[in-house]
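Heads up, the thing below is written out as C-alpha cells.
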Amino acid sequence: ETFLVIGLGLIGQITGQLLKANGCNVIGTDLDRSSVDLAKKFGATGISSDENIKDIIETLTNGHGVDGVIVCAGTTDNSVIEMCGEVTR
C-alpha cells in the first residue's frame, strides 16, 4: 500500500516511520524542505510543497493514486482536504 503523509513535523515523521515499518510505501510532503529531506533519510519519497504534488503522485502510483492519506499538518485551508480526495484511488 502507498500512503501520503501531509505535514512532516514530529507527528508526521513518526507516522511515516510507522508506515514504513509496516511495509508501506510512504510519500511525504511539507512546506519545510528540511522536513522533507529528513523524511527521505528514513525511506519516504519526499515531495516539496512547491512541486506539483498531484502529478508526482500520479507518476509514482502509475495513475492509480495513493491508498490512503494521513494529514498531520495544521491548517485552516480546505484545499489540503480537497487534494486528499484528488490523489486517493
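Each reported figure results from applying straightforward, stated rules to the coordinates on display, with no laboratory input. Predicted, not measured: the structure shown is a model, and the values here were computed from it. Note: ideal-geometry Cβ built from the backbone for every residue, glycine included; neighbour counts use all protein chains shown.
Please give the FRET efficiency for residue 86 paired with residue 11, using the beta carbon to beta carbon distance and R0 = 30 Å, rounded to the nearest 0.05. Mind showing how you got there, number by number?
On the way: r = 23 Å, r/R0 = 0.77.
Once rounded, the FRET efficiency stands at 0.85.
Could you work out the helix-only [θ] at 222 nm for the chain, with each DSSP H run of four or more residues adding -39,500 (n - 2.57) and the total divided by the number of residues, to the nearest 500 deg cm²/dmol? The helix contribution divided over the chain gives -12500 deg cm²/dmol.
Got a sec? Which residues in the stretch 1-29 would a label at residue 67 touch, if it sits 7 Å along Cα→Cβ and we count backbone N under 16 Å? Counting backbone N atoms under 16 Å from the label point, the list is 1-5, 16-28. For GluC sites (Glu not before Pro), the sites in the stretch 5-89 that DSSP calls loop and that have at most 12 other Cβ atoms within 10 Å are 51.
Please give the direction-averaged projected area of the C-alpha convex hull for the chain, in square nanometres with one decimal.
Values: hull surface 20.0 nm².
Computing the convex hull of the Cα atoms and averaging its projections yields 5.0 nm².
Here the Karplus relation 6.51 cos²θ - 1.76 cosθ + 1.60, evaluated at θ = phi - 60°, turns the backbone of the stretch 12-23 into coupling constants of x, 5, 5, 4, x, 5, 5, 5, 4, 5, 9, x Hz, with x for every Gly and Pro. Assuming charge only on the beta carbon of Lys and Arg (+1) and of Asp and Glu (-1), the dipole of the chain about its Cα centre is about 360 debye to the nearest 20.
Across the stretch 38-55, computed HN-Hα scalar couplings (Karplus, 6.51 cos²θ - 1.76 cosθ + 1.60, θ = phi - 60°) run 5, 4, 4, 4, 9, x, 7, 8, x, 10, 6, 5, 8, 8, 7, 4, 4, 5 Hz from first to last residue, x flagging Gly and Pro. Across the chain, the mean sequence separation of Cα contacts (distance under 8 Å, 6 or more residues apart), normalised by length, yields a relative contact order of 33 percent.
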